[in-house]
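All of the numbers you see were taken from the coordinates with simple rules; none came from a lab. The structure presented is a predicted model; accordingly, all values stated were derived computationally and were not measured. Here the Cβ is made from the backbone with ideal geometry for all residues, glycine too, and neighbour counts use every protein chain on show.
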Amino acid sequence: MWFIIGFIIGALVLGAAWFSRTKNLNFTWYELVIGVIGLGLLLFTIQNFLGSFIEYEPQAAYTFLLVTGLPALILLVLAWQLAVRRTRKA
């Protein structure tokens with residue numbers, strides 16, 4: 001399972017890099033840090049969500065989605081919007 005997730009993450013990162021090059025998006029260091037933290041938190045959320053379901057604890061799984069999944073998505077959207085808005089301003 002983690003091989004497939006790693007392959008998908010690699011493809012998404014490659015696609016995002018290609019998209020940012022074609023649209024002339026340049027990321028600053030803090031946007032990259034926010035994005036990497038958000039991606040790590042998202043992977044952490046997926047692992048614990050699936051682990052909780054395997055152990056027959058659905059309430060813990062859904063709670064984990066709310067507690068760590070939502071901040072992960074917020075960080076990823078924040079990093080993307082910072083880059084897009086800075087590019088539009090220039």
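Taking the Cα centre of the chain as the origin, how large is its charge dipole in debye, to the nearest 20, when only Lys and Arg (+1) and Asp and Glu (-1) carry charge on their Cβ atoms? Could you put the intermediate results ahead of the total?
Values: 6 positive and 3 negative charges, 150 e Å.
Rounded to the nearest 20 debye, it is 720 debye.
Taking the simple approach of a point 7 Å from Cα along Cα-to-Cβ for both A16 and I4, what is their distance in nm?
Modelled inter-label distance: 2.2 nm.
When the chain is treated as a GNM, springs tying every alpha-carbon pair under 10 Å, which of A60, A79, A11 comes out with the largest mean-square fluctuation?
Highest fluctuation among the options: A11.
How much mean residue ellipticity at 222 nm does the chain get from its helices, if each DSSP H run of length 4 or more adds -39500 (n - 2.57) and you divide by all residues, to the nearest 500 deg cm²/dmol?
Numbers: 4 runs with 74 residues, N = 90.
Mean residue ellipticity at 222 nm (helix-derived): -28000 deg cm²/dmol.
When Cα Rg over 2.2 N^0.38 Å is calculated directly from the model, which label among [x] 1.26; [y] 1.35; [z] 1.13 fits?
So the calculated entry is the one marked [x].
GNM on the chain, C-alpha springs below 10 Å: top fluctuator among G38, G69, G51?
G51
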